[in-house]
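The values are calculated or read from the model by the stated rules, or taken from the named source; none is laboratory data. Remember, predicted model here, so these are calculated numbers, not experimental data. Ligands, DNA and RNA are stripped out before the accessible areas are found, and what is left, the full protein with its side chains, is counted by its heavy atoms. Shrake-Rupley method; radii C 1.70, N 1.55, O 1.52, S 1.80 Å.
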Amino acid sequence: MRHPPTHLAAPAVLTAALLALTACGTSDQDSATDPGGTTTDLARTDPAVDELAAQDGPCPGRLPGGGDAFGGTDPAPSAPDLATPDRAWVCTYVLRSGPAAGPDGPAWTRQTRPQQVVDDRLPGLATSLDELAPADPGRLCTKDLGPRYLLVLADDGDAGTDLTGVVVDGYGCRDVRLTDDPSTTPAGEASTPGVVPGVLSAPDALVRLLTSGGLTRGR
């Protein structure tokens, strides 16, 4: 006896199978418990970037500044919350303009090689950083122009080194601006928690240590 054709039923069977597979693939429980699933958790699988290795050194040749080499003047919304660094460096920058600045316009250009802060100065440095406070919006500053100091703080973790920059004006009101990536983020435009945007006021002790070179000299 000849059986009726069965190929017309195949689409229905295939559709049912696909629906079953789709249901399995979208189950929250299965995705959470199946270590071989295809769902990618970027926060879990992407390694942290070692900023020190990626930048080939702690201090860039030029401070990033976008179209404004000096940065904004608005006070920071709050005091920062900076961790005690495992290591730190100091670099001095001078403002170049005209042909010496290159095609990107005026820029703060590194004048010295990075100088590492000696280990026994790190606790005192951390104390000074704890005294950073939002700048006074009514402050009056002199119009002299001097160097800028970049203090690079290194947090050494298992996945690499995270860098935070503290840019201190060696002139005027001694304004301080932070950067969560000294190579790419303009000072004063940080967005990482604890690394506030805006302008801060530096304690006198920090300015003296930077201008005298006291952070990089042993006792």
Query raised in the report: For the range 130-188, what is the accessible area per residue in Å² when the probe is 1.4 Å?
Result: 43 Å²
**Report entry** Rounded percent of accessible protein surface that carbon and sulfur make up, the range 155-219, 1.4 Å probe
**Finding:** 44 percent
